[in-house]
Amino acid sequence: MNSRDVKWLDIPKILDERGNLSFIENGTSLDFDIKRVYWIYDVPGGEIRGGHAFRKQKELIVALSGSFDVVLHDGTTSRRYSFNRSYKGLYIPEMYWRHIENFSTNAVGLILASTFYSKEDYIYDFETFVNLAQTK
Ligand code: TYD
């Protein structure tokens, strides 16, 4: 997988009567090395996370539990992606404005990131993002 496009990834799902199992391996499932893993959880009803873009960070988002929506803007148009399966991952390249909303109770969002945390990688101003995205 190597693209500027956002895409859903089918994560392997090992069905088992004892409970299902899914996995992602560095180097085979993604076009980036996983440098960091973080997760969003205990989100109070109605809250919104994100509201920024990353200059360099690529990521894969998975709903480990519950459901939520990821809304992406590429500088021109916006699209909503609904998460409610723990075997679906959304690959998001750098330079997409994103926010996450509509969290269900007990939702857990896992993010596999291509970079270590860097405050400088964030774009917090939407107008700056649109200008940068459109001149890319
Ligand atoms: P932020 O990415 O702004 O959260 P969201 O996009 O969901 O609103 O991060 C919130 C805070 O957590 C911010 O102070 C930076 C810190 N943080 C880290 O220290 N390391 C990390 O890997 C992440 C993602 C955030």
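None of the figures in this text is laboratory data; all of them are computed from the coordinates on show. Computed from a predicted structure; not experimentally measured. A quick note on method: Cβ atoms are made from the backbone with ideal geometry, for glycine too, and the neighbour counts reach across all protein chains shown.
Cβ crowding within 10 Å ranks 119, 136 as 119, 136, fewest other Cβ atoms first. Once the mean of 1/r is taken over each pair of separate Cα atoms and inverted, the chain shows a Kirkwood hydrodynamic radius of 15.5 Å. Potential lengthening of the chain between residue 135 and residue 85 amounts to 14.5 nm, from the contour at 0.36 nm per residue minus the alpha-carbon distance.
Each 5 Å bin from 0 upward holds the following percent of the Cα-Cα pairs of segment 1-48: 4, 13, 16, 19, 18, 18, 11, 1. Going through the cross-link list 13/56; 13/119; 7/119, which pairs have a Cα-Cα distance over 28 Å in this structure? Violating the 28 Å limit, Cα to Cα: 13/56; 13/119. Ordering 70, 37, 108 from the fewest to the most neighbouring beta carbons within 10 Å gives 37, 108, 70. Among the chymotrypsin sites (Phe, Trp or Tyr not before Pro) found in segment 27-72, those both in a DSSP coil and sparsely packed, with 16 or fewer other Cβ atoms within 10 Å of their Cβ, are 41. Under a 5 Å amide H cut-off, with hydrogens placed 1.01 Å from N, residue 65 pairs with 108 among residues at least 5 apart or on other chains. For the chain, adding -39500 (n - 2.57) for each run of n ≥ 4 DSSP H residues and dividing by the number of residues yields -2000 deg cm²/dmol at 222 nm.
Applying both filters, DSSP loop and at most 15 other Cβ atoms within 10 Å, to the GluC sites (Glu not before Pro) of segment 13-72 gives 17, 25, 47. 3J(HN,Hα) along segment 96-102, derived from phi through the Karplus expression 6.51 cos²θ - 1.76 cosθ + 1.60 where θ = phi - 60°, amounts to 10, 6, 9, 9, 10, 8, 6 Hz, with x in place of Gly and Pro. Other residues within the sphere of radius under 9 Å centred on the Cβ of residue 58, judged by their own Cβ, net out at -2 (K and R +1, D and E -1).
The amide H of residue 34, built 1.01 Å from its N in the peptide plane, has 27 as neighbours under 5 Å, considering only residues 5 or more places off or on other chains.
Qualifying trypsin sites (Lys or Arg not before Pro) in segment 25-89, where qualification requires a DSSP coil assignment and no more than 16 other C-beta atoms within 10 Å, comprise 35, 55, 56, 85.
Each residue of segment 120-126 is assigned a 3J(HN,Hα), and the resulting list reads 5, 7, 7, 10, 9, 9, 4 Hz, derived from the Karplus form 6.51 cos²θ - 1.76 cosθ + 1.60 (θ = phi - 60°), x at Gly and Pro.
Translational diffusion coefficient of segment 81-136 (Stokes-Einstein, Kirkwood radius from Cα pairs, 10 °C, 1.306 mPa s): 115 µm²/s.
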